[in-house]
Amino acid sequence: MKNLDLIEKYLNEELSANERSEFEQLQKSDAGFAEEVQVAVTINADFNVKQKMHWQGLLNEQGNVVKDTPVRKLAPRRSISWIRSIAAVFILGLGLSLAWLMFSSPDAGELADEQLMEIYKKPKAFMSETVDIDTNWKNAIAAFEEGQFSIAVAAIEKSIEKDNEKLNLDEKYFYLGLSYLYEEVPNYDEALNHLGKSKELNSSSQLAPQANWFMALAYLKQEKITEAKALLQLVIDANIWKKAEAAALLNNI
């Protein structure tokens, strides 16, 4: 049947109202198409009947099995105190589990992981008045954008090493710290070192509060809660980027 797909959609009621109208009009005007439809309807009906008979037979067989299965009668017990004891232990255990979930502190590392799922925006290209953006920084931008953070680390380190003008070093160290933080096997010490260096180079830049945020996450991953809390408070006090998230973290650690 050359129109099998169309006929199947018709039988399965998958055609739109317009398509169904066109289908029925074709059925009236084309004798060959009408014959194909009739054959398909007959086959479909026969298949449905056989399927129903098959399932009905299975159900009947299962019903007979259930009827023929002897019912085991249990002798009445003198006491059900043992059931009450088990139930009491179960309820006590459930209560303790719920209490632990309600009052125990969430894992600090997991809280940090949730925040690190969102990758920070890629670095921007920049140039000085005399020298165009260096190749290593271009490579770092591309690697960071593609999530190849180990490559970004190597490219940024080379860019810093070969940059005689010391161009935008605070940004380079910031993204170097982020790349260490985002690596498949993160190096939290290196991340903290370079993010801290970024702040030292330009404490008034817009990257400083961001550096505080990511340093706090790195400290949480190291389970250094006191250091993390201090930095989260700085993020809140800055009253800009990630203030709400910092407050939520501070309340949960």
Packing-ranked peptide list from 241-248, 190-197, 211-218, 7-14, highest mean Cβ count within 10 angstrom first, is 211-218, 190-197, 241-248, 7-14
Here the stretch 200-205 yields Karplus 3J(HN,Hα) values (6.51, -1.76, 1.60; θ = phi - 60°; whole Hz; Gly and Pro given as x) of 4, 6, 7, 6, 9, 6
When 204, 198 are arranged by how many other beta-carbons sit within 10 Å of their Cβ, fewest first, they go 204, 198
Packing-ranked peptide list from 221-230, 15-24, 134-143, highest mean Cβ count within 10 angstrom first, is 134-143, 221-230, 15-24
Applied in sequence order to the stretch 22-37, the curve 6.51 cos²θ - 1.76 cosθ + 1.60 (Karplus, θ = phi - 60°) yields integer Hz couplings, x standing for Gly and Pro, of 5, 4, 5, 5, 5, 4, 6, 8, 10, 5, x, 5, 4, 5, 4, 5
Once phi for every residue in the stretch 191-199 is put through the Karplus expression 6.51 cos²θ - 1.76 cosθ + 1.60 (θ = phi - 60°), the whole-Hz ³J(HN,Hα) values, with Gly and Pro written as x, are 4, 5, 4, 6, 5, x, 4, 4, 5
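Since every read-out is calculated from the coordinates, none of them should be taken as a lab result. All figures in this text were calculated on a predicted structure; none of them were measured in a lab. In this analysis, Cβ positions are derived from the backbone assuming ideal geometry, glycine residues included, and neighbour counts consider all displayed protein chains.
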